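For reference, the structure is listed below as structure tokens.
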Amino acid sequence: MSIFSKHLPAVHVEHHKYTADSPTEKMPVPDKVYISMAQHIGAPCQPKVAVGDLVKVGQVIGDTEAFVSAPIHSSVSGKVTAIEKNLTMSGIWDLIVTIATDKKQEVLEGLAPPQVDDKDSFIKAVRASGLVGLGGAAFPTHIKFNPKNLDEVDSFIINGAECEPYLTADYRTMMENSELLVNGLKNILKYLKIKRGIIGIESNKAPAINKLRAMVKDTPEIEVMELKAVYPQGGERVLIYETTGREIPIGKLPADIGAIVSNISSVVALETYIETGMPLIAKKVTVAGNAIRTPKNIEAPIGTQVNQLIEFCGGYKRIPRKLIMGGPMMGAAIYDDGMTVNKNTSGILAFDEESASVPKETSCINCGRCIRTCPMLLMPALLAKAYEAKDVEQLQKLNVALCMECGCCSYVCPAKKQLSFTNKLGKRLVMEGGKK
Amino acid sequence: MGRFNQGSLVVSSSPHIMDNVNTTRIMLDVLIALIPAFIMSGFIFGPRALLLTITCIAACVVFEAGFQYLIKKDSTITDLSAVLTGTLLGFNLPSSLPFWMAVVGSFVAIVVVKQIFGGIGQNFANPAITARIVLLVSFATPMTTWPLPNQLLGTVDAVTGATPLGILNMGTDLAALPSNMDLFLGYVGGSLGETSAIALLLGGIYLIWRKVIEPSIPLAFIGTVFIFALLTGQDPIFHIFAGGVMLGAFFMATDYVTSPRLTSGKIIFGIGCGLLTMVIRLYGSYPEGVSFAILLMNILTPQIDMLLRRRTYGGVKI
Ligand code: SF4
Ligand code: SF4
């Protein structure tokens, strides 16, 4: 913590929340969906269907015995036409189940709310719902909700910061599914026996703050907290600090300091499953950026191709030169608009030539901006020097592992150095160096 | 496969948006901040002062471009850092200095101090300050011959005299000390860009407002000079407005490359500059100590950075 303020450093980025007032539109079911079997960190799923099988909405099509995993469900009704290896966004070859849709969206017979009466059945339901961290990391939720020291957890924090520019899908969810959100949180507190629920929302989303506050005014264990509208309030460590004042010591997990953090859409998806039995099959996605004709919030079946969503927004307004999955600060640039919406997709941004250009890196002028800005209080300029010198020891000393790749340092650097990317490489170098 | 794929799409690492501040913009801001002092130097010391600064700028740019051409490095003159070095060097010279000496100073600043150490961001000491000190040691007389203000024609044989600090240093004719108002406006003898406290203060405030510099170094520097003067029975107002304190505190000591990176370090750095300045002024043989103070603190910067470690989130000292 800095001596002068009780907040962690952050950057003021322009919000660009143009779609904040665009209600979510449900897009028509595409002709085909392509559902990846690797939608979470951990072991990928094995297909539970074969080519030629007929599937219904909500049917399990992929699962595995491995602990770190979550099942995958069909988002449509139709016929499995292919199960093939394909290159995923993270550059790994993975199985993709292709389903030709019949557009009837027939729901699996016997789909019913799960039996939930205690912690174990609740955690079972979390896994069965197919939930993974929907904000980006895609870590299976049933593991996150059930740490070894669950009895020490006293705060369940919902991340409603949505600090990434352009993205408004979480905001729309808070406005449109507030009942599910609040009930979901109540169930989580009840079954996990956690004392306090916190929904942290940035101040630029006042309607959501007001709406949720009104809904929980008779629920003292739930608090809606207003956060400053700066980036990266939604980073797990930052959010915990800003809502509870606690820091996670190096090498520890949030649960070790009594906190579990979850995403808005995860809680809503979980409650949907608990109330209706419908697992995670669709995602709310913000489609925006200056190359999109009509930016929108769209609810799309998982496995829908990016270009179909863009088509639904009236197509490209200008020739796209950069496509991003996620937000502009941490999202990944994709190389093909045929890629698909996954469980953890929250935004699709398309930018024109001008916005896509990558500025040339110049020499570090030692201005200290990166150092003053790092929310983790690291020293990115020195980390970059250590990486350039391939100095593993120095990288470790400067604690490169703590870097959350939030991009604040790269954002402010006047020399346009790719500091956060360098840290990603630095972390890799340390891991490789450690193995030797 | 989609319609837009490999080849037509740029794939780069995040973040995909960046602040619009770049190195050139920062240098430009510092140059803008120096405009009031530049104009004042023309009023106070005449057109020759302006010409001398312009000579330094031109020489610095030519040396930088020439050196980078010779060693086949990409030219960095568009980042304006050479222009800035030239301006600061010019501001640190007496307006009557022969032009060729200014060119020698530019050579020292750009080639010896900046480029030989690897260019922008690599020098251990402030180029303009080091060049000024080299000139002072090499050409003691012309570097300490101070034309007095209002020499509108600014010829070399104009009337010269002592700077306010010089008068104080000799301790003979204290009645000749200028009023604090003259000091504040800058109508006193001295290096051509350092005398007008008001102009430099304006520029300094602009830099802080534009977030180009943190207020830590100037406040610590000027504050220390003030308190030191107070404690030793001197006129504190005189000491902060006289000589190079304003120019040094806002524009030279704040040089990113040669000052500590954490705020705590900057405060120590500023205090060190202030202390050394006053010790040299009051007890040294030179009447003015700002340049030496900053140079010494430049040299100590790596040590300050090393001593002040930072506590990261999660509680590890790095
Ligand atoms: S990317 Fe890493 S080093 Fe850079 S600001 Fe974020 S946490 Fe700090
Ligand atoms: S922000 Fe960029 S130029 Fe400034 S110290 Fe960090 S790396 Fe160097």
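Measure nothing fancy, just the Cα-based angle from helix B:263-283's long axis to the longest principal axis of chain B, in degrees from 0 to 90, nearest 10. On a 0 to 90 degree scale, this one is about 20. Measuring from each cysteine beta-carbon in chain A, the ones with no other cysteine beta-carbon under 4.7 angstrom are A:Cys45, A:Cys163, A:Cys313, A:Cys364, A:Cys367, A:Cys374, A:Cys403, A:Cys406, A:Cys408, A:Cys413. For A:Ile157, nonlocal amide neighbours, meaning residues 5 or more places apart or on other chains whose placed amide H falls under 5 Å from its own, are A:Ile198, A:Ile260, A:Val261, A:Ser262. Residue exposure proxy: B:Leu52, B:Leu97, B:Leu275, A:Leu349, ordered by other Cβ atoms within 10 angstrom of their Cβ from fewest to most, comes out as B:Leu275, B:Leu97, B:Leu52, A:Leu349.
Across the range A:186-326, the convex hull enclosing all Cα atoms gives 162 Å³ per residue. The relative contact order of chain A comes to 17 percent, based on Cα pairs under 8 Å that sit 6 or more residues apart. Across B:Gly289, B:Gly233, B:Gly248, mean-square fluctuation computed from a Gaussian network of chain B (C-alpha pairs under 10 Å connected) peaks at B:Gly233. Translational diffusion of the protein assembly as shown was estimated from the Stokes-Einstein equation, with Rh taken as the Kirkwood radius over Cα pairs; at 10 °C and 1.306 mPa s the coefficient is 54 µm²/s. Sites listed here are chymotrypsin sites (Phe, Trp or Tyr not before Pro) in the range A:186-277 whose DSSP assignment is loop and whose Cβ has at most 10 other Cβ atoms within 10 Å, and the list is empty. Against the compact-protein benchmark of 2.2 N^0.38 Å, the Cα-based radius of gyration of chain A scales to 0.97.
Within the range A:223-264, the percentage of alpha carbon pairs spaced more than 15 angstrom apart rounds to 38%. The alpha-carbon atoms of the range A:369-432 define a convex hull whose volume equals 63 cubic angstrom per residue.
Excluding B:Ser41 itself, what net charge comes from residues whose Cβ is under 12 Å from its Cβ, given Lys and Arg +1 and Asp and Glu -1?
With Lys, Arg at +1 and Asp, Glu at -1, the neighbours total 0.
How about the range B:202-305: which chymotrypsin sites (Phe, Trp or Tyr not before Pro) there are in a DSSP loop, with at most 11 other Cβ atoms within 10 Å of their Cβ?
none
Membrane-span-like helices in chain A, defined here as complete DSSP H runs extending at least 15 Å along the helix axis by their C-alpha atoms with mean Kyte-Doolittle hydropathy no lower than 0.0, are A:178-192, A:264-276; this is a sequence and geometry rule, not a statement about a membrane.
Compute the long axis of helix B:216-231 from its Cα atoms, compare it with the longest principal axis of the Cα atoms of chain B, and write down the angle in degrees, 0 to 90, nearest 10. With both axes taken from Cα atoms, the answer is about 20 degrees. Taking the Cα atoms of the range A:94-174, the ratio Rg/Rh between the radius of gyration and the Kirkwood radius comes to 1.04. Looking at the range A:98-188, the GluC sites (Glu not before Pro) that sit in a DSSP loop and have at most 13 other Cβ atoms within 10 Å of their own Cβ are A:Glu109. Other residues whose C-beta falls under 10 angstrom from the C-beta of B:Asn169 contribute a net charge of 0, scoring Lys and Arg +1 and Asp and Glu -1.
What is the range B:23-141's relative contact order, in percent, from Cα pairs under 8 angstrom and six or more apart in sequence?
Taking the mean separation of contacting Cα pairs over the length of the range B:23-141, I get 26 percent.
For A:Met225, nonlocal amide neighbours, meaning residues 5 or more places apart or on other chains whose placed amide H falls under 5 Å from its own, are A:Ile199, A:Gly200, A:Ile201.
Between the amide H of A:Val57 and those of A:Ser77, A:Glu106, A:Val107, A:Leu108, distances stay under 5 Å, these residues lying 5 or more places away or on another chain, with hydrogens modeled in the peptide plane. Nearest 10 degrees is fine. How inclined is helix B:290-307 to the longest principal axis of chain B, computing both from alpha carbons? Taking Cα atoms only, the helix is inclined about 40 degrees. Stokes-Einstein diffusion of chain B at 4 °C, 1.567 mPa s viscosity, Kirkwood radius from Cα pairs, rounded to a whole number: 63 µm²/s. Comparing B:Leu200, B:Leu136, B:Leu174, which has the greatest mean-square fluctuation in the GNM of chain B with Cα pairs linked when under 10 Å apart? Among B:Leu200, B:Leu136, B:Leu174, the largest mean-square fluctuation in the Gaussian network model of chain B belongs to B:Leu174. For the range B:279-318, dividing the convex hull volume of the Cα atoms by the residue count gives 80 Å³ per residue.
Pairs of Cα atoms nearer than 8 Å and 6+ residues apart set the relative contact order; for chain B it is 17 percent. For each pair in A:Lys195/A:Lys343; A:Lys360/A:Lys417; A:Lys124/A:Lys252; A:Lys390/A:Lys417; A:Lys322/A:Lys360; A:Lys48/A:Lys283, compute the distance between the two Cα atoms and list the pairs where it is over 19 Å. Too far apart for the 19 Å limit: A:Lys195/A:Lys343; A:Lys124/A:Lys252; A:Lys48/A:Lys283.
Summing charges over neighbours of A:Glu299, with a neighbour being any other residue whose Cβ is under 12 Å away from its Cβ, gives +3 when K and R count +1 and D and E count -1. Considering only B:Ala242, B:Gly118, B:Leu207, the residue lying farthest towards the positive end of the dipole of chain B is B:Gly118, judged by Cα position with unit charges set on Cβ. Rounded to two decimals, the Cα radius of gyration of the range B:1-124 over 2.2 N^0.38 Å is 1.42.
Each value in this text was obtained by applying a stated rule to the coordinates, not by laboratory testing. Just so it is clear, the structure is predicted and the values come from calculations on it, not from any experiment. Neighbour counts run over all protein chains shown; Cβ positions are idealised from the backbone, glycine included.
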